[in-house]
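To keep things clear, I will list the structure first and then write my remarks on it.
What follows is calculated from the coordinates using simple rules that are stated; it is not laboratory data. Bear in mind that the values here come from a model prediction, so they are computed numbers and not experimental data. Ideal geometry is used to build each Cβ from the backbone, glycine not excepted, and the neighbour counts take in all protein chains shown.
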Amino acid sequence: MDEEVTIRAARAADVPAMAAIINHYAAQNLMLPRSEAVILRVLDDFVAAEWDGRVIGCGALARLSPELAEVRSLAVSPDYKGKGLGRRIVLHLMERARARGYPQVCALTLVPDFFAGLGFQAVDRWAISPKIWQECVFCPKFHHCDEVAVVYNLTEQPVDLSMPSAAWEGLVAAFARREALRGAQRPE
Ligand SMILES: CC(C)(COP(=O)(O)OP(=O)(O)OC[C@H]1O[C@@H](n2cnc3c(N)ncnc32)[C@H](O)[C@@H]1OP(=O)(O)O)[C@@H](O)C(=O)NCCC(=O)NCCS
């Protein structure tokens, strides 16, 4: 790669390329699929890796609680894997998390060794309880999940995710989502 790869905030024009990369791996059950509409809705969370005018990787930082942000939708185009790009995208998202004042970032992943190489630690899934309450409890694979929870502390202070703000926010979001799902299932 002669040109420098740029990692920058994603734009609407990047959405089809980002969806294509993510869904390439989702088709192999390596990550969750994302439609273009969903990516567009949370575009501010996303960063794109651009090389030679093309998007060749992406990742997102999603807020789960005031204390916890999640690295998600991380993917590098197959032709560009193994060149340090995945690492750069995660480091960029960690910097974003630090700048936004999150004390901790997490991921649920099938590639824990990749995250371990960046200093993340594997933890029990309930250590990232806001993620569990807001999303995992709605997942059909909840009881046989094969993903590993990993966390990285951005501050010296230990982070207690059982603290009220995180727990309550997770619960409120979970109930709101359940109600929305029920509403969608109700006949007209
Ligand atoms: C996982 C992924 C993002 C890594 O991106 P990448 O650009 O290929 O990885 P990098 O070149 O930055 O690798 C950085 C380090 O992680 C290691 N690594 C890369 N992929 C790995 C994997 N699957 N398992 C273990 N270690 C891995 C590399 O060997 C490298 O180690 P080194 O620093 O000791 O040389 C990429 O392979 C990918 O898109 N995979 C499919 C989608 C996916 O699994 N996404 C993660 C969802 S949480």
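Which of the peptides 177-184, 148-155, 82-89 is most tightly packed, and how do the rest follow, going by the mean number of other Cβ atoms within 10 Å of each residue?
Top to bottom by mean Cβ count within 10 Å: 148-155, 82-89, 177-184.
Tell me the mean residue ellipticity at 222 nm calculated for the chain from its helices only (DSSP H runs of n ≥ 4, each -39500 (n - 2.57), averaged over every residue, nearest 500).
When only DSSP H runs of four or more count, the value is -10500 deg cm²/dmol.
Compute the relative contact order of the stretch 6-185 as a whole-number percentage, counting only Cα pairs closer than 8 Å that sit 6 or more residues apart in sequence.
That works out to 18 percent.
Could you calculate the FRET efficiency of residue 175 with residue 125 from 1/(1 + (r/R0)^6), where r is the beta carbon distance between them and R0 is 22 Å, rounded to 0.05?
0.60
Label point 7 Å out from residue 99 along Cα-to-Cβ: which residues of the stretch 12-42 have amide N under 12 Å?
Label zone hits: none.
If you average 1/r over every pair of different alpha-carbon atoms in the stretch 6-185 and take one over that average, what Kirkwood value in Å do you get?
Hydrodynamic radius (Kirkwood, Cα only) of the stretch 6-185 equals 16.9 Å.
State whether the stretch 1-93 is rounded, prolate or oblate according to the following rule on the C-alpha gyration tensor (a ≥ b ≥ c being the square roots of its eigenvalues): a/c under 1.5 gives rounded; otherwise a/b larger than b/c gives prolate, and the remaining case gives oblate.
Rounded, since a/c falls under 1.5.
Expressed in nm², what is the orientationally averaged projection area of the convex hull enclosing the Cα positions of the stretch 37-144?
7.8
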